[in-house]
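One structure is given here, and the rest of the page talks about it.
The values are calculated or read from the model by the stated rules, or taken from the named source; none is laboratory data. Only a predicted model underlies this, so the values are computations on that prediction, with no experimental measurement involved. When we count neighbours, we look across all protein chains shown, and the Cβ atoms used for this are built from the backbone with ideal geometry, even at glycine. All accessible areas refer to the heavy atoms of the entire protein, side chains included, with ligands and DNA or RNA removed. Shrake-Rupley method; radii C 1.70, N 1.55, O 1.52, S 1.80 Å.
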Amino acid sequence: MPSSFLMAHKFAGFRQAPSKSLGISMQIRRQSSLIMHQSLAATLFPEYRRRVLGLLLLRPEEALHGREIARRTGLPAGTITRELTRLAEVGLLARERRGNQVLYWADTNCPVFAEVASILRKTSGVVDVLVQALTTVMPQLRVAFVFGSVAQGRETAGSDVDVMLIGDIGFAQAVELLHPAQASLGREINPKVFSELAFVSSLRTQAFLHDVLSKPKLFLTGSDRELAELVGNQP
């Protein structure tokens, strides 16, 4: 396990009952996290550009023509044409005419492709969509994050979005809330849902969870520190 989790184990004997003020503080932090995701994405990219880049840069293996991009993003054809032309001219997108259509796709050879894709993945891409879907239950979640191939930036067209939800939420509720987000992302969402006690208990028997903890994560709420604190509560 990472050193942060090992450090948490050193203090496993320390126990402190959560206070009411601590609960309120955690809710404020979670709401602030949602606002941060929204404002950061809006500041970096206009909404229409965010939609186009999120669609193409997070699916670099997919080539789409303008009408399909307009359909998926819900943007007018004129706006799409201007934006695609601009993004191709600066090198973020590649394009090729095939018959009477022009196909566009992410140019992974662009020097800033990885950086821009990473920003989109954390703001207007996967994270932003999932944060929006889970807004109503954020106060009930201790920690929530994306893991697996998407978090590691090595997803393919068929990759699921793996989501870990730890808190006071049931599996059926999670599936219901996340189902509409599947259409927005164009990917199946695979939630793993645990109460705090169940997560801590499962760490003793499920090697899968230790593997998840040791690899990159995209946090929807909470942080590495809160996750380390939770792991440190193992008996």
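Tabulated data for the structure shown
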read-out: Net dipole in debye of the stretch 74-157 [+1 Lys, Arg Cβ; -1 Asp, Glu Cβ; about Cα centre; nearest 20]; value: 80 debye
read-out: Ala114-Arg67 FRET efficiency (beta carbon distance; Förster radius 35 Å; 0.05 resolution); value: 0.75
read-out: Gain in span if fully extended, Ser202 to Val175, counting 0.36 nm per residue against the direct Cα distance; value: 7.6 nm
read-out: 10 Å binning of all Cα-Cα separations within the stretch 88-131, expressed as whole percents from 0 upward; value: 27, 38, 28, 8, 0
read-out: Positive-end residue, the stretch 56-196 charge dipole about Cα centroid, Cβ charges, pick of Ser118, Ser149, Leu75; value: Leu75
read-out: Computed over the stretch 83-211, Kirkwood Rh from alpha-carbon pairs, angstrom; value: 16.8 Å
read-out: 5 angstrom amide H check on Arg142, placed H, neighbours 5+ away; value: Ile166, Gly167, Asp168
read-out: Net dipole in debye of the stretch 139-188 [+1 Lys, Arg Cβ; -1 Asp, Glu Cβ; about Cα centre; nearest 20]; value: 140 debye
read-out: Around Pro60: net Lys/Arg minus Asp/Glu count, Cβ-Cβ under 10 Å; value: -3
read-out: Cα centroid separation, the stretch 77-145 to the stretch 167-235 (Å); value: 25 Å
read-out: Nearest-10 value in Å² for the accessible area of His179, using the 1.4 Å probe; value: 120 Å²
read-out: Three-way shape label, the stretch 70-109, alpha-carbon gyration tensor, a/c 1.5; value: oblate
read-out: Square roots of five times the Cα gyration tensor eigenvalues for the stretch 172-235, Å; value: 25, 13, 12
